[in-house]
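The values are calculated or read from the model by the stated rules, or taken from the named source; none is laboratory data. What you are looking at is a predicted structure, and each value in this text was computed from that prediction instead of being measured. Cβ coordinates were reconstructed from backbone atoms using ideal geometry, including for glycine residues, and neighbour counts include every protein chain displayed. Only protein heavy atoms, including side chains, enter the accessible area calculation; ligands, DNA and RNA are left aside. Shrake-Rupley method; radii C 1.70, N 1.55, O 1.52, S 1.80 Å.
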Amino acid sequence: NNPFGSVTTGEQNSRGIDLDLSGEILPGWNVIASYAYIDAKITQDNTFAVGNNLTGVPKHSASLWSTYEIQSGTAQGLGFGLGFNFVGERAGDLDNSFRADSYFLTNAAIFYRRDQWKFGLNIDNLFDVNFIRSVGNGRTRGIYPGEPFTIRGSISLEL
């Protein structure tokens, strides 16, 4: 009942599978894909119901990121990227009294490599989706919205 305190559950169990795949499909075309299934529950407790989901843990999440960099010609070094992130719905508290919705984000990039230099623009949340990034352990604190449409620029030098 203390809003500034923490509650420890008796026992928790988390089981699942995480699959990652990465590789070069064709020269200059790279792909990274991942999927995770996590079954995270309370297994023994005096306060919360056994079988309740743990706070903030989605059962399903996945991502896909692909880049292509032009390998020859006048545009050699110019590259493009496109990616997707999916996070399933999550319990908002250990009572499982509310859930944070699932979300699907699209990200993009454009970059240029020349000699030791790399210039890039990354676009996160391309379609400006409203989503909950993380949940604490209650309806009144620890619920954080995700970042809106964001553009980041970068310049790097590799020595």
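Could you tell me whether THR74 is polar (S, T, N, Q) and either within 26 Å of the chain's Cα centre (by Cα) or more than 22 Å from TYR112 (Cα to Cα) (or both)? Don't jump to the end; show me each part of the working.
Details: polar (S, T, N, Q): yes; either within 26 Å of the chain's Cα centre (by Cα) or more than 22 Å from TYR112 (Cα to Cα) (or both): no.
The answer is no for THR74.
Of all positions in the range 53-67, at least one carries a residue that is surrounded by fewer than 17 Cβ atoms within 10 Å (Cβ to Cβ) and touching a Leu at 6+ places or on another chain (Cβ under 7 Å). Would you be able to say whether some residue in the range 74-93 is within 12 Å of VAL135 (Cβ to Cβ), open to solvent by 40 Å² or more (accessible area, probe 1.4 Å) and not aliphatic (A, V, I, L, M)? There is at least one residue in the range 74-93 that is within 12 Å of VAL135 (Cβ to Cβ), open to solvent by 40 Å² or more (accessible area, probe 1.4 Å) and not aliphatic (A, V, I, L, M). Just one residue in the set THR9, THR47 is at negative phi, crowded, with 17+ Cβ neighbours inside 10 Å and either in contact with a helix residue (DSSP H, G or I) (Cβ under 6 Å, 6 or more places away or on another chain) or modelled with pLDDT under 90 (or both); that residue is THR9.
Number of residues in the range 119-145 that are open to solvent by less than 100 Å² (accessible area, probe 1.4 Å) and over 19 Å from ASP93 (Cβ atoms) equals 10. Checking the range 95-108 against the condition returns a match, with at least one residue being free of Cβ contacts under 8 Å to residues at least 40 places away in the same chain and open to solvent by less than 50 Å² (accessible area, probe 1.4 Å). Consider ILE32 carefully, then state whether it is touching a residue at least 40 places away in the same chain (Cβ under 8 Å) and among the β-branched types (Val, Ile, Thr). So ILE32 fails the test. Could you tell me whether GLY16 is open to solvent by less than 30 Å² (accessible area, probe 1.4 Å) and at pLDDT 95 or above? No: the conditions fail for GLY16.
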